[in-house]
Amino acid sequence: MANKKNEAKADAQTYFNLGLAYNELELYDNALMTFQQALKLARKSEDYPRIVECLLQISTVYENKANIKKALSYARKTFKVVQEHFGEPVEWKFIAKRINDLQLKL
């Protein structure tokens, strides 16, 4: 079982890195697909730091696509995961600010 989790974790990292490359190239639909795959694998491996990173990147891609409602939705999902799995880290302030900034764009 641990081996499958490790494989999923490694695959999530690969998809995440590919998503970053697509986002840099402004290939947003490809970025979304790969970040979604990374998110699925991160959830499978219970890799909560990677889940947070994936959700934030998906939010960023939607913002880049000018879909602020979806960007805000994913920012809120990120905040929820952070609350449930990390207590009160510094990231709360960053994510709360991101949510506020996106709300101002609506």
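Taking LEU102 and the conditions (1) within 11 Å of the chain's Cα centre (by Cα); (2) buried (at least 21 other Cβ atoms within 10 Å of the Cβ); (3) not small (Gly, Ala, Ser), which numbered condition does it fall short on, given that it satisfies the others?
(1) is the only condition that LEU102 fails.
Out of ALA42, ALA8, which single residue is surrounded by 16 or more Cβ atoms within 10 Å (Cβ to Cβ), in contact with a Leu (Cβ under 6 Å, 6 or more places away or on another chain) and either free of Cβ contacts under 8 Å to residues at least 24 places away in the same chain or of a type in the set (A, V, I, L, M) (or both)?
On inspection, the qualifying residue turns out to be ALA8.
Only helices (runs of 4 or more DSSP H) wholly contained in region 1-91 count here; list those with 2 or more residues that are acidic (Asp, Glu) and over 25 Å from ASP101 (Cα atoms).
Hits in region 1-91: 2-24.
Working only within region 6-42, note down all residues that are closer than 24 Å to HIS85 by Cα and among the charged types (D, E, K, R).
Scanning region 6-42 gives GLU7, LYS9, ASP11, LYS40.
Give the number of residues within region 57-88 that are among the aliphatic types (A, V, I, L, M), closer than 21 Å to GLU24 by Cβ and crowded, with 19+ Cβ neighbours inside 10 Å.
Going through region 57-88 one residue at a time, the tally reaches 4.
In region 19-39, which residues are closer than 24 Å to PHE94 by Cα, surrounded by 15 or more Cβ atoms within 10 Å (Cβ to Cβ) and among the hydrophobic types (A, V, I, L, M, F, W, C)?
Listed by number, the residues that qualify are LEU20, ALA31, LEU32, PHE35, ALA38, LEU39.
No lab work stands behind these numbers, since they all come straight from the coordinates. These numbers come from a predicted model, not from an experiment. Neighbour counts are summed over all protein chains in view; Cβ atoms, including those assigned to glycine, are modelled from backbone coordinates with ideal geometry.
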